[in-house]
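The structure follows.
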Amino acid sequence: MKNFKQKYGSWALVTGATAGIGAQFSEQLAKQGLNIVAVARNQSNLDALKLKLETKFHISVKTIAADLSKQESNQLIIEQTNELDIGLLVANAGAENNGLFIEIDESDESQLLALNVVSPMILSHAFAKRFVRRGKGGILLLSSLFGYQGVPFVANYSASKAYILTLGEALNVELKPLGVDVTVLSPGLTKTSMTENMTIDFNKVPITSHSPEVVAKIGLNALGKKATVVPGLINKIYAWENRFIPRTWPVNLFGFLINRAIIKH
Ligand SMILES: NC(=O)c1ccc[n+]([C@@H]2O[C@H](COP(=O)([O-])OP(=O)(O)OC[C@H]3O[C@@H](n4cnc5c(N)ncnc54)[C@H](OP(=O)(O)O)[C@@H]3O)[C@@H](O)[C@H]2O)c1
């Protein structure tokens with residue numbers, strides 16, 4: 001992994017920093033000597049992360065407890081980090097809903113879009129401007145393998161991740177000449193609380209799973225080198241097959257696979 005402290009500066013902002021892939025981003029960046037602004041909703045988890053990283057790596061952690069599905073929270077983060085020389089944004093926080101689209105509350109789907117789409121867009125917009133002013137910076141966005149195609153029964157989630165993939169690909173080209181690296185990380189199945197809590201039995205879906213540690217490492221390694229990265233060979237094949245076959249084929253295949261794997265109550 002490159003030395004981000006030299007490349008981007010001494011502070012990184014990680015959203016969804018306390019669990020899963022985000023906890024690994026925080027730890028791996030802290031290990032490199034970067035100070036972390038950690039964002040999540042639960043303050044006691046933030047306090048535990050702060051204690052762990054400051055003790056283990058002798059860096060500083062600033063915690064911000066905020067629900068990023070609320071638009072004012074993004075503004076709060078922008079304001080509360082004004083005085084810090086942040087050079088790296090990892091917009092990682094995200095959530096999923098699964099099941100038949102019409103049976104999921106519209107308010108839950110709107111909340112998903114606020115967290116998965118609107119928050120990363122607002123933060124990328126604010127921090128890209130700061131990074132351009134300081135002449136350097138990095139943005140790592142979290143899409144998903146499901147962002148590469150429509151996925152029935154996780155329709156709104158996969159659509160939200162398609163937005164991030166498209167946004168990040170475009171920003172990679174737009175911001176590179178201005179000194180800002182943008183990379184989109186699109187993990188496949190990763191062993192975190194998000195997938196543990198899903199009512200989908202992934203044993204019935206022929207996809208491999210990775211640890212959050214490996215996924216975070218692959219994402220950080222790709223920053224500044226690639227516009228997009230998909231961890232794992234099988235996942236890469238799933239992501240790229242869409243370019244060579246009619247789009248409807250993988251959508252129908254995943255519709256069949258996910259429907260079969262949904263745990264019915
Ligand atoms: N796990 C997978 O298989 C997988 C696959 C592809 C893509 N991804 C993407 O990777 C990212 C991380 O996923 P994960 O599996 O690591 O998630 P996770 O284990 O569920 O952790 C989510 C983190 O985000 C925080 N968070 C959740 N809702 C939030 C909100 N409304 N406001 C602020 N923080 C919030 C959580 O803390 P609090 O609960 O305290 O807020 C926690 O720190 C997501 O964008 C996800 O879509 C995951």
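None of the figures in this text is laboratory data; all of them are computed from the coordinates on show. None of the values given here were measured: they were computed from a predicted structure. We place every Cβ from the backbone using ideal geometry, glycine too, and count neighbours over all the protein chains shown.
Which residue, G138, F101, G150, has the largest displacement toward the positive end of the dipole of the range 83-152 when charges sit on each Cβ (Lys, Arg +1; Asp, Glu -1)?
Of the listed residues, the answer is G138.
Label L113 and H58 with points 7 Å out from Cα along Cα→Cβ: what is the distance between them in nm?
Once both label points are built, they end up 4.9 nm from each other.
Computed on alpha carbon atoms, what radius of gyration and Dmax characterise the chain, expressed in Å?
17.9, 53
Dipole size in debye (nearest 20) for the range 95-199 around its Cα centre, Lys and Arg Cβ +1, Asp and Glu Cβ -1? Walk me through the numbers on the way to the answer.
Details: 8 positive and 10 negative charges, 183 e Å.
Dipole about the Cα centre, nearest 20: 880 debye.
In the range 228-265, which chymotrypsin sites (Phe, Trp or Tyr not before Pro) are in a loop and have at most 10 other Cβ atoms within 10 Å, using DSSP for the loop call?
Details: sites: Y238, W240, F244, F254, F256; in loops: F244.
Hits after loop and neighbour filter: F244.
Put +1 on the Cβ of every Lys and Arg and -1 on every Asp and Glu Cβ in the chain; which of A23, W11, F127 then has its Cα farthest towards the positive end of the dipole?
It is W11.
Using alpha carbon centroids, what distance separates the range 192-264 and the range 73-100, in Å?
23 Å
Here's a follow-up. Would you be so kind as to identify which of Y238, Q75, F256 lies farthest towards the positive end of the dipole of the range 7-261, taking Lys and Arg as +1 and Asp and Glu as -1 on Cβ and the Cα centre as origin?
Of Y238, Q75, F256, it is Y238.
What ranking of I59, I139, I78 emerges when the number of other C-beta atoms within 10 Å of each C-beta is taken as an exposure proxy, fewest first? Intermediate results must be reported in sequence, preceding the final value.
Working: I59 19, I139 25, I78 16.
Starting with the residue having the fewest Cβ neighbours, the order is I78, I59, I139.
Continuing with this model, one more query. What does the charge dipole of the chain about its Cα centre add up to, to the nearest 20 debye, if the Cβ of each Lys and Arg holds +1 and the Cβ of each Asp and Glu holds -1?
Dipole magnitude for the chain comes out near 1100 debye.
Output the antiparallel fraction of DSSP beta bridges having both residues in the chain, as a percent to the nearest 5. Mind showing how you got there, number by number?
Values: 1 of 28 bridges.
Beta bridges within the chain, antiparallel portion: roughly 5 percent.
Ignoring everything except DSSP H segments at least 4 long, calculate the 222 nm mean residue ellipticity for the chain; use -39,500 (n - 2.57) per segment, divide by total residues, nearest 500.
Numbers: 11 runs with 125 residues, N = 265.
Mean residue ellipticity at 222 nm (helix-derived): -14500 deg cm²/dmol.
What length, rounded to one decimal in nm, is gained on full extension from A48 through to I102, with 0.36 nm per residue of separation minus their alpha-carbon distance? Show your work: numbers first, answer last.
Details: separation 54, 0.36 × 54 = 19.44 nm, distance 3.87 nm.
Between A48 and I102, full extension yields 15.6 nm more.
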